[in-house]
1. Could you identify the single residue in C:ARG20, C:ARG45 that is farther than 18 Å from C:ALA252 by Cα and in contact (Cβ under 8 Å) with a residue 12 or more places away in the chain?
2. Taking D:LEU72, is it of a type in the set (A, V, I, L, M) and in contact (Cβ under 8 Å) with a residue 40 or more places away in the chain?
3. Condition first: buried (at least 24 other Cβ atoms within 10 Å of the Cβ), more than 7 Å from every other protein chain (Cβ to nearest Cβ) and closer than 29 Å to B:GLY140 by Cβ. Now tell me which residues in the range D:228-244 satisfy that.
4. Can you find a residue in the range C:204-221 that is in contact with a helix residue (DSSP H, G or I) (Cβ under 7 Å, 6 or more places away or on another chain) and facing another protein chain (nearest Cβ under 7 Å)?
5. Within the range B:125-148, which residues are on the phi < 0 side of the Ramachandran plot, of a type in the set (S, T, N, Q), assigned to a loop (DSSP other than H, G, I, E, B) and out of contact with any His (no Cβ under 8 Å at 6 or more places or on another chain)?
6. Name the residues in the range B:177-196 that are in contact with a Pro (Cβ under 9 Å, 6 or more places away or on another chain) and either without any contact (Cβ under 8 Å) to a residue 12 or more places away in the chain or at the interface with chain A (Cβ under 7 Å from one of its Cβ atoms) (or both), would you?
7. Looking at B:GLY174, is it more than 26 Å from D:LEU220 (Cβ to Cβ), out of contact with any helix residue (DSSP H, G or I) (no Cβ under 7 Å at 6 or more places or on another chain) and in contact (Cβ under 8 Å) with a residue 60 or more places away in the chain?
8. For A:LEU264, are the conditions met, namely being buried (at least 16 other Cβ atoms within 10 Å of the Cβ), more than 14 Å from chain B (Cβ to nearest Cβ), assigned to a loop (DSSP other than H, G, I, E, B) and not charged (D, E, K, R)?
There are 4 protein chains.
Amino acid sequence: MTTESPIPVVVNGAAGKMGREVIKAVSGLSDMMLVGAVDRNPQYRGQDVGEVAGCGPLEIPIVDDLQSILVLATQEKVQGVMVDFTHPDGVYENVRSAIAYGVRPVVGTTGLTTEKLQDLAEFAEKASTGCLVIPNFSIGMVLLQQAAVQASQYFDHVEIIELHHNQKADAPSGTAIKTAQMLSGLGKTYNPASVVEKETIPGAKGGLVGDNIRIHSVRLPGLIAHQEVIFGAQGEIYTLRHDTSDRSCYMAGVLLCIRKVTQLQSLVYGLEKIL
Amino acid sequence: MTTESPIPVVVNGAAGKMGREVIKAVSGLSDMMLVGAVDRNPQYRGQDVGEVAGCGPLEIPIVDDLQSILVLATQEKVQGVMVDFTHPDGVYENVRSAIAYGVRPVVGTTGLTTEKLQDLAEFAEKASTGCLVIPNFSIGMVLLQQAAVQASQYFDHVEIIELHHNQKADAPSGTAIKTAQMLSGLGKTYNPASVVEKETIPGAKGGLVGDNIRIHSVRLPGLIAHQEVIFGAQGEIYTLRHDTSDRSCYMAGVLLCIRKVTQLQSLVYGLEKIL
Amino acid sequence: MTTESPIPVVVNGAAGKMGREVIKAVSGLSDMMLVGAVDRNPQYRGQDVGEVAGCGPLEIPIVDDLQSILVLATQEKVQGVMVDFTHPDGVYENVRSAIAYGVRPVVGTTGLTTEKLQDLAEFAEKASTGCLVIPNFSIGMVLLQQAAVQASQYFDHVEIIELHHNQKADAPSGTAIKTAQMLSGLGKTYNPASVVEKETIPGAKGGLVGDNIRIHSVRLPGLIAHQEVIFGAQGEIYTLRHDTSDRSCYMAGVLLCIRKVTQLQSLVYGLEKIL
Amino acid sequence: MTTESPIPVVVNGAAGKMGREVIKAVSGLSDMMLVGAVDRNPQYRGQDVGEVAGCGPLEIPIVDDLQSILVLATQEKVQGVMVDFTHPDGVYENVRSAIAYGVRPVVGTTGLTTEKLQDLAEFAEKASTGCLVIPNFSIGMVLLQQAAVQASQYFDHVEIIELHHNQKADAPSGTAIKTAQMLSGLGKTYNPASVVEKETIPGAKGGLVGDNIRIHSVRLPGLIAHQEVIFGAQGEIYTLRHDTSDRSCYMAGVLLCIRKVTQLQSLVYGLEKIL
């Protein structure tokens, strides 16, 4: 494998919101080459994927047959990568197909069960093919979570505030819950009480996750997606905050994965494993 | 009344935490003159109040007889002021005594019932004597609350986050509740839902006060006393935040009250009335 | 004039970034009626303005002749309003034309000289026609500036931090300079030094505006448009912050102006005058 | 060495601001034992160090002869530790004396030249005695700096805001400069410009440190000591913030050093080396 040839990239789910961002991000780079775009939405079939993504014509039509495109990705000097932002019900088959063709999957689609994930891991292992399954492509959020885990060795007190636009129905956010679980998984009980607490209005103190970590969810129009982890100790506060303003923020993570997956021989889960 | 003579000031509760701050603040000014210090704690009786407050000797001993000191405050050219930071069970009598002597009370002691407050208002009215009863001397907090009320005319969405050290037992803070009530008192229902909300962890969305305002209470060592009012609308967020680092922050409000009370002829409740 | 008929609205500069937002905002309301769309960019001529704005067909073609559209705005029961987001070189004529037709201008276009503004004010006065010239339609920012002016009566120390994306070339932002000038205009010298200051790295202490107010400009990708005014006093900090995430945040101000201009008989400059 | 015997601790500079905090922190622990207190200020000679520190009598008088106290620290089962918060002109001798007695130094005193530091390192090496020289005992700040270094691998854009009370004369703060230098030392040029920048008011864009990192220094009464490192990338912002409210925040770091220094055989510089 020579590093001089660009990596052939196939985007599955190319007409979706994330797919379009990937098309825009990949098409502007010299070390990657977009070789095909797949989307099962009939509305976009045959359209130029660059036009759909809003970055000008790329002369690559959107098709609905993944296999024919995987073939294209195997005809270059270097092994290809399939980026998948599709649907929970199809992602398992997509990943098996890609691995069968020797194309390495970078999977952003959520909804794979533990069993299917395990099965795909075995399949990738046997084929010695790299595969990345990534629930959150935000490098900034992973850095925040790693820094929080590091800080938790020295701070016994921590709370989380997450703030999102008021179109977000569920509270707390999945990412805030995951952050709390990462901290709790370290086998520590946080926030030992120093007074008898009295919550005069139910809910004021927030929701409890894991081993005594409070999460506070703020929902307002005008907010986008924000998370704050606040550590406190005698005389000091240490705050980690991540603010997302649009989906483009995930592209640095996607591109990193495309470059890294070609160096792997098995399935890896989570962006934190390759940072 | 001439503005050139300094205002005679009596401090009642002079050995308490707030009383000491008042001693320090008043003793350094040229437009005020400390004439007496009262405290019913026998431990400090006879000690120099400046030494107790930590600002060097003032040659004013702490005594326990308020009346004798009120007499002193009436022997100057201009009318005197009594600052009272004592106890709920004595404050009513203290204020009546001061008014009876023609000394104007500035009261920071909490716990006066509505009936007693009404009674004192009538007493001050009859005597044409100014009297200020102030639950919160923080000018910054009053400015925040006024700005929040102003903003609530244009924003329909608002949440409050208050953050305090973990020695504070009750949540939410009284000041946060008051802020929410001030906004609710304007006859508006805040935060109309735009989706069906789902709180998967109880308390995550905070405590409800007034007409649909959420308060979130964070408790960590290292925090002091902080309040944030966050307004949201399509495409924008407007945030008002107040941070307190020590009791000295109340002194600007206390001094303002000492100067203003001499211009009043009746009882006024709340710092916002004189800003 | 009856309040039940919707206000006829003409948008001049309808295909521009702000114009499109106005089209979207006005077309969804029952108390306003879009009657015409003007844009001098030939690319959009004849196209449905709703399609161009991205809110679906409205059956109103974009034309380039303002006068013919102003006529339309005068044929309804209530007086019409022209919203102008065009170019500095044409705005003066646009406003004169609108007033001549009895259509009330709401002007977001910048670049009117003081002389032309004065001339338009006289013209509106003679015609007894309301006219609003608004350099910044953000209600949140005006509220922030008003709250800052209010706070400046009680705080002697203040600094401003403004944060924008790194595509913004100039520093400080015009809005931050205006905020500093509003505070300075109150005839006060801020930030009296309490120590001999030593700036070991030039620029660290920020840029000086007005009477000793420091502005700090942060430029980073990922930021959008943010301003923070921080007041400090002994033991307390009072912070006002405004965050803008997209142009839609100006629409509440534009709509308020459309409703208010019909109640005016002269030219008014600045959103703060009608809040 | 058994872990069950408490570590004998000598505090040099015991009557200073930091020394008093150390006395308070050490005297309340069961795994440490205060054996002596030294201060060259004659005002405190002979006084009970607990009374001076404000934590009640400890029956340990403050003396001015370090050597006699170092002897005491060698008479316990486990090796002793000397905490030194004294003066630049005496610290070198203090550390040599301690090492000569087999007492391990934890040095918070600043001002050691590179040559003297090198000399002490050789001395400690020969004696196989642990010695910690720590310019900043704040664990939170070290965590922030480490997290910033980690983030700098993935973010190309960063600015620093540091905020301190207006009694601090120099700007920027030494800690902010050090943070910028740590990031710059990684051999990267930060903040490549994407537009031609125009600073209309000198200083607005901040002071430049290292390889193109901007530092902004805010000075206001009411602030204490705060630092913010803000990373930006397309669509996201990652912020690390540290707030200090009083000197007690350094004690966790001091205690950690007392425990760690007994496991070392040489001189180590900087808290980050032992976290």
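1. Exactly one of C:ARG20, C:ARG45 is farther than 18 Å from C:ALA252 by Cα and in contact (Cβ under 8 Å) with a residue 12 or more places away in the chain, namely C:ARG45.
2. Here the answer is yes, as D:LEU72 does meet what is asked.
3. Scanning the range D:228-244 gives a single hit, D:VAL229.
4. There is at least one residue in the range C:204-221 that is in contact with a helix residue (DSSP H, G or I) (Cβ under 7 Å, 6 or more places away or on another chain) and facing another protein chain (nearest Cβ under 7 Å).
5. Selection gives B:THR129, B:ASN136.
6. Matches in the range B:177-196: B:SER194 only.
7. Considered against the rule, which asks whether it is more than 26 Å from D:LEU220 (Cβ to Cβ), out of contact with any helix residue (DSSP H, G or I) (no Cβ under 7 Å at 6 or more places or on another chain) and in contact (Cβ under 8 Å) with a residue 60 or more places away in the chain, B:GLY174 comes out as no.
8. Yes.
The values are calculated or read from the model by the stated rules, or taken from the named source; none is laboratory data. These numbers were taken from a predicted model, which means no experiment stands behind them. Virtual Cβ from ideal backbone geometry, glycine too; neighbours counted across all protein chains shown.
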